[in-house]
Structure formats: structure tokens, C-alpha cells
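Reading through the C-alpha cells given below for one structure.
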Amino acid sequence: MNKAVKIDDVARLAGVSPMTVSRVMNRVPGVREKTREVVQAAIEELGYRPNAAARNLARAGSGRLGMLYSNPSAGYLSQFLLGALEGAHQVGAQLLLEKCDADGDSERAAVERLAAGGVTGVVLPPPHGESWAALAAVKARGLTAVAVAPGRFKSAAPAIRIDDLAAAAEMTRYLLELGHRRIGFIKGAANQTASAERLIGFETEVAAFAEPVEALIEAGEFTYRSGFDAAERLLSADRPPTAIFASNDDMAAAAIAAAHRRGLDVPRDLTVVGFDDTPVAQEIWPALTTIRQPVAEMAEMAVRLLDESGVTEDEGDTGAQHLIRHQLIVRDSSAVPAA
């Protein structure tokens, strides 16, 4: 009797999608506790047991997953790749990588190459997770996709992200609580929704603060060079900031270098903070105060979600937002402003 029970039967009884049932059984993060309990009760009531042999047989014909990449931050990309490789190892899949530019033609060509290589799903790290061209190309080939860190961008694919706005707001509050009232902000790449979210989080907290705060905003591109140039402009101002908040760690590291070039001590003369908590945050001196975005864990989760059964456009979980918790990490690059 139990052998006839399928994952769809469990999903119907629990009132969820087969994808959610699969997440619960594989202990994938992102499922509400109440939902997990309902699914578990349905599993027990029906006596459902997954057919391991059938699962392995299915994997034998679809054991390849793909990933696009073009992120300008080497630190972010290395962490993302480590997580994706770990996820592929856990599910017994091969991971095929395709480098492309952040434009539609390049993304479509990369997806075609992945499809020709026999992949069944594609991980879309930023900025590709919010590219309609990339998403449409994946759909056209009948593949599945999971977007990682697309900000609040809405798409037909499940997405794994942190709350960039809330994270940037928390970092801004931290700087204000230290006593900084003249703060420089270096924006991220304009083609990523997360960049705008981080700027909004910063500006919202500055505007809501009880005392006057001067915000000096410069453009960046998430690259070290752009961060250095932006920091140079900030530090050349008639009244330079006492703190710089860069939208990623690479640009924050560059801001520290620009400060040292001018003979400034960080953090005595200038506080510098970043975002992501990539390896560079602890490799530079002084170690960087930053927002921890669990990049590797998010990439690993994306691969595991792709491997789960039922990640299709017809399911209720399509486009689901899996919100991962961020963390403010205080290290040595931040301090109260000099008198």
C-alpha cells in the first residue's frame, strides 16, 4: 500500500507543492516551522517513503546542473563557487560553469551552451538572477532556475536572498550610534537591484535620524578600482566624511587603501565598513566591519533546490522568495569619530 503513495499525494494532503514536501524531507532551510509540521504529519499519515532507487535512476539521466557567472568581485565569486561545488557534491551532480557578460545576447548564448551540455537546471548568481533575458532563455529550453541575491526583483524562478535594505539600514544605524554625522556611501553596480536596496536602506536611516546627518554618495561598480576612485572623490571633498560605507567588501578594501595612501589611520581618522563578509574582509588590515551575507551557503542551497523534484513553472512555489538572515560583523575598521 505504501509503495503506491507518491510525493504528489503528500503535497495534496498537506496543501503545499511537491517542492515543499521535498524540502522538508531533505531538511532544506527556508520552510516555515508550521508548514514543516503539516508536511511531516501528512508524510506519517500516508506512510510515504521515497523510492531511493527511482531517485537515483532519475539522477543518472539528469545529473548535470549549470551556473552562469560574470560577477566583478573575485571574493564574492570564489565564495559562491565554493558553495555551489559543495552543493553539487552533496547531491551527486556535476556542475557546469559558463562565463558570460551581463547582457541578453551573451546570457542566451551561455544558456544554450549549458543546455547542449545536458544540464537540467541553472543557478543564476547576480546579476543574472534578475535578467529577463537569462530567465526567458532558461524557460525556452525547458530548464529550471534558481536566482541568488536578486534583491526584491520578482521573477518566475525561486530566489534566495537576504534583505539588503534592512541590512544596509542596520549598518547605517551602527555608524550613527558610533557618532558619525558625515558619512560617505559608495553605491554598487547599477544593473543590480540589491545595489538600489542598499542605498535606500542607507538613505532611509539617515533621513529618519533625530540629528542632521550629511550623506555624501558616490557611484561604484562593486569592483576594487571603482571603490578606490569613489573613495578618492569622497576624501577630496572640502569636508570629507568621518566614515565610508561601501556596498561590498572589495570597494571597502579599496577605500581603506585610499585612506592609507593619504596617511589616514583607519579607524582613528576614518571608519570604513563593507558588505558581504567575503574573505578579503579578514585578510586586509585592519579587519573589516561588514554585513555578513552567507554567500557560500546561499549558493549551496540553490544547487540543492535545483536538485529537488518538482521545481517547475506550474508549481505553487515558483517565484518563492527564500529570505536568509544577515549579520552585522564588527571588527577593527570602525570606531567613534575623532574629536
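The values are calculated or read from the model by the stated rules, or taken from the named source; none is laboratory data. The shown structure was predicted, so the numbers you read here are calculated from the model rather than taken from an experiment. Every residue, glycine among them, receives a Cβ derived from its backbone with ideal geometry; neighbour counts consider all protein chains shown.
I want to confirm something. Restricting to region 260-280 and keeping residues that are touching a helix residue (DSSP H, G or I) at 6+ places or on another chain (Cβ under 7 Å) and of a type in the set (A, V, I, L, M, F, W, C), which single residue is modelled with the lowest pLDDT? Among those that are touching a helix residue (DSSP H, G or I) at 6+ places or on another chain (Cβ under 7 Å) and of a type in the set (A, V, I, L, M, F, W, C), it is Val280.
Has region 245-257 got any residue that is buried (at least 23 other Cβ atoms within 10 Å of the Cβ) and either modelled with pLDDT under 95 or part of a loop (DSSP other than H, G, I, E, B) (or both)?
Residues of region 245-257 buried (at least 23 other Cβ atoms within 10 Å of the Cβ): 245-256.
Cutting the leftovers down to either modelled with pLDDT under 95 or part of a loop (DSSP other than H, G, I, E, B) (or both) gives us 247-248.
Checked against the condition, which is being buried (at least 23 other Cβ atoms within 10 Å of the Cβ) and either modelled with pLDDT under 95 or part of a loop (DSSP other than H, G, I, E, B) (or both), region 245-257 yields at least one hit.
Being at pLDDT 95 or above, farther than 20 Å from Glu221 by Cβ and assigned to a helix (DSSP H, G or I) is the requirement here; does Ala169 meet it? Before you say what the answer is, go through the steps one by one.
On the way: at pLDDT 95 or above: yes; farther than 20 Å from Glu221 by Cβ: yes; assigned to a helix (DSSP H, G or I): yes.
The answer is yes for Ala169.
Would you check which residues across region 189-213 are of a type in the set (D, E, K, R) and outside any helix (DSSP H, G or I) and list them? Outline the logic, then answer.
First pass over region 189-213, keeping only residues of a type in the set (D, E, K, R): 197-198, 203, 205, 211.
Of everything in region 189-213, just one residue is of a type in the set (D, E, K, R) and outside any helix (DSSP H, G or I), namely Glu211.
Looking at region 149-162, is at least one residue in contact with a Lys or Arg (Cβ under 8 Å, 6 or more places away or on another chain), in contact (Cβ under 8 Å) with a residue 60 or more places away in the chain, at positive phi and in a loop (DSSP other than H, G, I, E, B)? Looking for residues that are in contact with a Lys or Arg (Cβ under 8 Å, 6 or more places away or on another chain), in contact (Cβ under 8 Å) with a residue 60 or more places away in the chain, at positive phi and in a loop (DSSP other than H, G, I, E, B), one finds at least one in region 149-162, hence yes.
Say whether the condition of being in contact with a helix residue (DSSP H, G or I) (Cβ under 9 Å, 6 or more places away or on another chain), surrounded by fewer than 21 Cβ atoms within 10 Å (Cβ to Cβ), at pLDDT 75 or above and assigned to a loop (DSSP other than H, G, I, E, B) is met by at least one residue in region 23-38. For region 23-38, residues in contact with a helix residue (DSSP H, G or I) (Cβ under 9 Å, 6 or more places away or on another chain), surrounded by fewer than 21 Cβ atoms within 10 Å (Cβ to Cβ), at pLDDT 75 or above and assigned to a loop (DSSP other than H, G, I, E, B): absent.
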